[in-house]
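The values are calculated or read from the model by the stated rules, or taken from the named source; none is laboratory data. Keep in mind that this is a model prediction, so the values were computed, not measured. Neighbour counts are summed over all protein chains in view; Cβ atoms, including those assigned to glycine, are modelled from backbone coordinates with ideal geometry. Please note that ligands, DNA and RNA were not included when accessible areas were found on the heavy atoms of the full protein model with its side chains. Shrake-Rupley method; radii C 1.70, N 1.55, O 1.52, S 1.80 Å.
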Amino acid sequence: MRPEGPAEAAGAGRCCLGGHEVTLPGHPQLLRDAAGELRLEGHSLAELGRRFGTPLYVYSRAAMLDALAGYQRALAGLPHLICYAMKANSNLAVLQTFARAGCGFDIVSGGELERVLAAGGDPAKIVFSGVGKTAAEMRRALEAGVRCFNVESLGELERLSAVAVAAGRRAPVSLRVNPDVDAGTHPYISTGLKDNKFGIPHDEALAAYRRAAALPGLAVVGIDCHIGSQITQLEPYLDALGRLLDLVEAVEAAGIALHHVDVGGGLGITYTDETPPSPEALVRALAELMRARGHGQRELLVEPGRSLVGNAGVLLTEVQYLKPGETKNFCIVDAAMNDLVRPAMYEAWMAIEPCQLRAGAAPVWDVVGPVCESGDWLGRDRALALEPGDLLAVLSAGAYGMAMAGNYNSRPRAAELLLDGDAVHVVREREDSRALFALERLLA
Ligand SMILES: Cc1ncc(COP(=O)(O)O)c(C=O)c1O
Ligand SMILES: N[C@@H](CCCC[NH3+])C(=O)O
């Protein structure tokens with residue numbers, strides 16, 4: 001996630017045309033075969049694009065489970081729960097994949113709760129985060145039996161207690177502490193600084209725990225934080241965990257027992273040349289700090305999103321027109337900012353690869369969508385040998401891709417496929433134009 005620059009123009013030229021197979025760094029199930037075809041979990045992406053149409057999201061189940069295995073290996077033997085942060089990709093089949101693998105879920109809305117339940121997820125493994133939970137969302141989550149509410153303010157504590165008392169229940173709570181640690185990431189996705197809206201300030205948390213312990217509808221069970229997203233360093237995590245453990249000790253000294261410590265999610269992936277720690281390295285470092293501070297037997301929760309699904313998915317799009325110009329060459333494709341908003345929203349750099357390499361000159365293009373906004377671009381200054389009708393793959397699109405898609409310009413949303421070995425599952429049909437206005441009414 002960094003601004004575009006001319007230095008990145010060569011990104012797409014990495015793989016040679018024909019000869020031998022080339023793997024793509026950070027993309028476990030993606031490779032360019034000897035004939036120049038891009039394959040995900042063995043499937044030709046060009047063939048899938050032609051068969052199912054574009055724009056099309058394609059995910060590899062094996063790549064998701066590979067990523068999960070890194071967390072699982074490092075946590076084996078320790079009391080733990082991996083809560084997939086489903087905002088990254090909330091397709092039901094993706095949720096089902098993680099539920100079957102034993103995961104819990106980090107949710108942030110009533111809608112996310114219903115999705116987890118529809119996918120067969122275990123409510124007793126759900127943690128409910130978010131700064132603006134409504135009373136109705138609280139009631140529904142209590143009724144479903146979620147494991148814990150990650151409470152983000154004093155006002156929320158009071159409301160949750162009242163809702164629980166009215167329902168004749170006690171709500172399990174963890175306080176989301178804002179540790180004021182700089183995660184070193186894009187300002188829009190940093191969440192653990194004093195200036196951010198998230199969490200209860202570290203220096204107010206002990207008083208908040210005392211209040212929580214005194215409220216009749218609450219049962220204190222844990223502590224959590226989440227400092228940001230696309231984090232590529234270990235240090236911010238260790239700083240944040242150290243600050244959480246300071247609080248755990250102060251809270252327990254005040255006679256309030258805490259069962260678990262939840263360090264949130266946020267681990268980054270390789271979009272271009274980032275080298276984040278592996279999930280395994282991250283969790284081993286966190287577990288080591290817990291052990292060194294005498295908290296080795298306390299349950300550790302993690303809430304990874306992007307690092308489980310980001311590099312397991314691509315967005316396929318077809319080149320519609322090539323429009324060379326005096327100062328810029330535009331490659332106009334059939335996917336747009338409504339399908340994948342990350343470039344428009346954060347100036348995020350996402351690799352763009354032809355599904356089938358072709359020989360010949362590779363001019364530099366801005367790859368743009370059909371939406372009527374100059375901010376509607378998927379990649380800038382990309383050297384690509386192209387013809388109209390070619391298929392392109394936007395890489396690393398498994399996280400915050402379809403999950404953030406919309407209908408701007410009355411564009412129906414893309415279809416989604418989940419690859420599983422030889423099988424190709426349509427896990428979301430392409431939206432029909434009529435669905436765009438099915439909830440609207442003409443005047444009488
Ligand atoms: C509370 C919470 N937990 C977990 C995550 C997952 O983040 P990521 O996808 O960066 O792992 C987020 C999103 O940043 C979040 O807000
Ligand atoms: N939507 C962001 C991540 C947000 C994380 C949410 N807490 C992205 O695409 O990178």
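Data overview
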item: Helices (runs of 4 or more DSSP H) within the range 36-115 that include 2 or more residues not assigned by TED's automatic domain parsing to the domain that holds residue 395; result: 61-75, 92-100
item: Scope the range 174-217; condition of a type outside the set (Gly, Ala, Ser), closer than 21 Å to residue 298 by Cα and assigned to a strand (DSSP E or B); matching residues; result: 175, 176, 177, 178
item: Qualifying residue in the range 403-423 (condition: surrounded by fewer than 24 Cβ atoms within 10 Å (Cβ to Cβ) and within 16 Å of ligand 1 (Cβ to nearest atom)); result: yes
item: Which numbered condition residue 345 fails, given (1) open to solvent by 50 Å² or more (accessible area, probe 1.4 Å); (2) of a type outside the set (Phe, Trp, Tyr); (3) without any contact (Cβ under 8 Å) to a residue 12 or more places away in the chain; result: (3)
item: Sole exception among (1) more than 16 Å from ligand 2 (Cβ to nearest atom); (2) open to solvent by 60 Å² or more (accessible area, probe 1.4 Å) for residue 110, by number; result: (2)
item: Selected residue (only one of 292, 250 is in contact with a helix residue (DSSP H, G or I) (Cβ under 6 Å, 6 or more places away or on another chain), open to solvent by 20 Å² or more (accessible area, probe 1.4 Å) and away from ligand 1 (no atom under 16 Å from the Cβ)); result: 250
item: Hey, residue 89 in contact with a Leu (Cβ under 9 Å, 6 or more places away or on another chain), under 19 Å from residue 199 (Cβ atoms) and modelled with pLDDT of 95 or more or not; result: no
item: Residue match in the range 266-273 (condition: open to solvent by 10 Å² or more (accessible area, probe 1.4 Å), more than 16 Å from ligand 2 (Cβ to nearest atom) and out of contact with any Leu (no Cβ under 9 Å at 6 or more places or on another chain)); result: yes
item: Tally of residues being closer than 23 Å to residue 135 by Cβ and open to solvent by 10 Å² or more (accessible area, probe 1.4 Å) across the range 216-242; result: 4
item: Any hit, the range 281-294, residues being more than 16 Å from ligand 2 (Cβ to nearest atom), assigned by TED's automatic domain parsing to the domain that holds residue 247, more than 27 Å from residue 403 (Cα to Cα) and outside any helix (DSSP H, G or I); result: yes
item: Leading residue by the ranking (farthest from ligand 1 (Cβ to nearest atom)) among those in the range 295-334 that are farther than 29 Å from residue 373 by Cβ and open to solvent by 30 Å² or more (accessible area, probe 1.4 Å); result: 297
item: Boolean, residue 108 is within 16 Å of ligand 1 (Cβ to nearest atom) and either among the aromatic types (Phe, Trp, Tyr) or under 18 Å from residue 174 (Cβ atoms) (or both); result: yes
item: Residue 277 being within 15 Å of ligand 1 (Cβ to nearest atom) and buried (at least 24 other Cβ atoms within 10 Å of the Cβ); result: no
item: Residue 191 being within 16 Å of ligand 2 (Cβ to nearest atom), closer than 23 Å to residue 126 by Cβ and polar (S, T, N, Q); result: yes
item: Which listed residue is in contact with an Asp or Glu (Cβ under 9 Å, 6 or more places away or on another chain), more than 24 Å from residue 431 (Cβ to Cβ) and open to solvent by 30 Å² or more (accessible area, probe 1.4 Å), from 381, 366; result: 381
item: Test set (1) in a loop (DSSP other than H, G, I, E, B); (2) open to solvent by less than 50 Å² (accessible area, probe 1.4 Å); (3) more than 16 Å from ligand 1 (Cβ to nearest atom) - residue 142 fails condition number; result: (1)
